[in-house]
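Asks: Submitted below is the structure of interest, expressed as structure tokens.
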Amino acid sequence: MFSEQRLGKLIAGASALALVGAGFLGATAAAADDAPGIDPAQTGSISVHKSSAVPGEQGDGTEITPDPGLDKELLGVEFTLQPVLHNGAPIDLSTAEGWELSEAVTNAGTAPSLPSAEYSLGTNTAVTTDAAGVATFTGLNLGLYLVTETKSGDNLIAQKHDPFWVTVPYPNEDGSWNYNVHVYPKNVLNEINLTKTVDTEALLLGDEVTWTLDTIVPASELPYESFTLTDVLPAELTFVSWGSLMLNGEAIEAADYTVSDDKSEISLTESGLAKLDLAGEATFSIELVTTVNTIPTGGKVVNNATLTINGTTVEDPANTNLGTIELTKTDESDAILPGAKFELYGSAPVNGEPEGDPIATGTTNDLGVIVWQVHVGIDEDVTEDFWVREIVAPAGFVLPANPWTKIDVTAGATAEPTITNHKADGPDLPLTGAQGTLLFTLAGIGLMAVAGGAVLVQRRARQRRAE
């Protein structure tokens with residue numbers, strides 16, 4: 001049998017070692033003659049107070065008021081509790097032998113290391129922290145317990161707390177026994193970010209626009225519980241498809257994610273989350289393909305996305321900007337000219353020749369107008385220069401000596417260039433055979449005069465004979 005002095009030392013050592021690292025340091029054990037105050041029929045509890053507060057002074061197993069984690073409580077963190085067994089039976093801390101067995105465990109090394117094969121862990125019980133950040137295990141028999149943080153809940157926990165031992169009961173400084181032990185393990189939380197970009201490949205309204213969302217997912221010692229990207233498109237955008245899903249440059253398989261019926265959310269499945277867990281700190285990239293269906297007031301089409309990991313949400317918007325070109329074709333008297341054909345370019349000509357292929361071509365309509373709706377930039381870039389080249393003049397008109405016209409376009413505005421054509425008009429031509437006609441005319445008049453004179457002579461001759 002153990003002496004009361006030996007019992008006191010065992011209680012002091014086992015209790016102190018059990019609680020170091022759990023947010024408090026074991027108090028000096030009660031004097032040996034007070035140790036018999038343990039009630040073997042008493043049950044106890046362990047309350048785990050979980051927060052992201054900065055670690056402070058060690059506690060002593062009693063409840064601290066106000067809670068040092070106030071306003072930084074972590075809801076939904078799961079802890080499991082397991083009794084320590086010796087030869088298959090719980091360690092009974094109402095006896096000196098039980099305290100010696102407990103000391104052997106707590107001296108064996110960092111939890112959950114056990115000193116020998118005679119020791120094992122019993123069935124675990126899981127409890128999650130409530131809104132106050134507290135997980136309480138109740139109805140506990142006297143004994144030594146292992147507490148392990150097992151799930152993060154909706155919290156971006158960077159590093160889980162180390163497992164730790166707790167004894168029930170725990171000795172108070174005044175020699176009494178604490179059957180309802182309070183521990184205060186702390187966590188440091190990770191931060192996440194989201195960067196959304198939009199490509200500059202789209203040129204005209206209706207072209208496909210690809211939005212890329214990138215995030216660096218921090219490593220976590222606890223499994224990730226959720227990963228959801230939400231992108232509710234504004235009215236000006238039409239969904240085309242989710243593009244490539246990449247984790248550290250590797251494509252995510254179809255089984256690793258789900259897409260909501262309205263296409264606005266993409267979430268990792270259990271298999272996708274498992275891959276995220278194994279990746280450690282990882283770069284995650286998602287592409288979303290859309291088209292712009294109309295230009296809003298101001299010309300900016302803003303697309304906002306949110307990323308939610310373990311209940312923590314971040315967002316980042318991006319925008320593509322559009323404007324309008326309304327080209328009018330007239331003659332020098334401002335009369336409209338249909339039928340003129342133009343090419344639209346996004347870069348200036350070199351030595352009068354275009355650089356690359358045209359963005360678009362168009363022919364002036366019956367009102368002498370061509371309309372193009374164009375992308376002018378992304379984010380804060382709201383202006384762009386375009387060039388048009390007339391390649392076919394309207395019937396009866398000629399191309400200008402310089403067929404190029406520069407057009408400045410601003411997002412949300414309409415650029416209205418007017419391009420004039422000169423009508424083909426040659427010099428006055430001589431009247432072919434004009435002198436000959438005059439001679440024939442004069443000759444005809446002369447002949448008529450001669451004929452008229454002959455008639456007059458004949459009439460006078462008849463008159464004389466009649467007399």
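We did not get these values from a lab; they are worked out from the coordinates using the rules stated. Every value quoted in this text rests on a predicted model; they were computed, and no experiment measured them. Please note: Cβ atoms are built from the backbone with ideal geometry, for glycine as well, and neighbour counts cover all protein chains shown.
Asks: Less than 28 Å apart at the alpha-carbon level, and either on another chain or at least 8 residues along: which lysines does that give for Lys50?
Replies: Hits, sequence-local ones excluded: Lys72, Lys151, Lys160, Lys186, Lys275.
Asks: To continue, here is another question. For the charge dipole of the range 326-428, defined by +1 on Lys and Arg C-beta atoms and -1 on Asp and Glu C-beta atoms about the Cα centroid, which residue among Val398, Val388, Val376 has the Cα displaced farthest towards the positive pole?
Replies: Value: Val398.
Asks: Fewest first, what order do Trp242, Trp211 take by the number of other Cβ atoms within 10 Å?
Replies: Placing the least packed residue first, the sequence is Trp242, Trp211.
Asks: For a Förster distance of 25 Å, can you work out the FRET efficiency between the beta-carbons of Asp154 and Ala117, rounded to the nearest 0.05?
Replies: It comes out at approximately 0.05.
Asks: Note the full-extension length gain between Lys406 and Val302 as 0.36 nm times their separation in residues minus their Cα-Cα distance, in nm to one decimal.
Replies: So the chain would gain 34.6 nm between Lys406 and Val302.
Asks: On to the next question. Please order Val392, Val127 by the number of other Cβ within 10 Å, starting at the fewest.
Replies: Lowest count first: Val392, Val127.
Asks: Same structure again: What list do you get for Ser285, Ser51, Ser333, Ser260 if you sort them by fewest beta carbons within 10 Å? Can you show the working numbers first?
Replies: Numbers: Ser285 17, Ser51 24, Ser333 7, Ser260 11.
Ordered by Cβ neighbours within 10 Å, fewest first: Ser333, Ser260, Ser285, Ser51.
Asks: Ordered by packing density, taken as the mean number of other Cβ atoms within 10 Å over each peptide's residues, highest first, how do 71-80, 160-169, 227-236, 107-116 rank? Numbers along the way, then the final one.
Replies: Values: 71-80: 19.0, 160-169: 22.1, 227-236: 17.0, 107-116: 13.5.
Answer by packing, highest mean first, reads 160-169, 71-80, 227-236, 107-116.
Asks: Let's test the formula: R0 of 22 Å, r as the Cβ-Cβ distance of Val188 and Asp130. What FRET efficiency results, to the nearest 0.05? Could you put the intermediate results ahead of the total?
Replies: On the way: r = 21 Å, r/R0 = 0.97.
Once the sixth-power term is evaluated, E becomes 0.55.
Asks: Need one number: nm distance between label points at Ser267 and Ser176, each 7 Å from Cα along Cα→Cβ, rounded to one decimal.
Replies: Placing both labels 7 Å along Cα→Cβ, they lie 4.9 nm apart.
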